[in-house]
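Student: I'd like to ask some things about the structure below.
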Amino acid sequence: EFTPQSPQQSLNCSVNWQNTEELLTPNGSSTTGQKRHYGPIINQRLHEQFKIHQYPSRVVKESLAQELGLTFRQVEKWFENRRSHLKKASNKKSNPIENHS
């Protein structure tokens, strides 16, 4: 069961980021949950595939992962995030917020 912490309790759990060792996975990515940038070549290849199929099959994603040196999950998540970003951008464009002054 989840019990919310009081502000005082959460302050006592601060982390000293300078002394925290960063664990790396076999492909060199960080396990700290930081945003990952794959670089222009990998992004270009993923975008090319996205233009062809926004919902590629598992086989295609596995092939891309192997080709690019990423895990299947990283490729899968990239496509999920890209679709989400595209949907949000589309919603912003079609439903602009009106300014009521």
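Student: Between P56, W78, A89, whose Cα lies farthest towards the positive end of the dipole of the range 53-94 when Lys and Arg beta carbons carry +1 and Asp and Glu beta carbons carry -1, centred on the Cα centre?
Tutor: Looking along the dipole axis, the top candidate is A89.
Student: L86 to I41: FRET efficiency via 1/(1 + (r/R0)^6), r the Cβ-Cβ distance, R0 22 Å, to the nearest 0.05? Please report the intermediate quantities before stating the final value.
Tutor: Values: r = 21 Å, r/R0 = 0.97.
For L86 and I41, the calculated efficiency is 0.55.
Student: For the residue pair S94 and S63, what label-to-label distance in nm results when each label sits 7 Å from Cα along the Cα-to-beta-carbon direction?
Tutor: 3.1
Readers should treat all values here as calculations from the given coordinates under stated rules, not as data from a laboratory. A quick note: this is a predicted structure, and the numbers were derived from the prediction, not measured. No Cβ is skipped: glycine too gets one built from the backbone with ideal geometry, and neighbour counts run over all protein chains shown.
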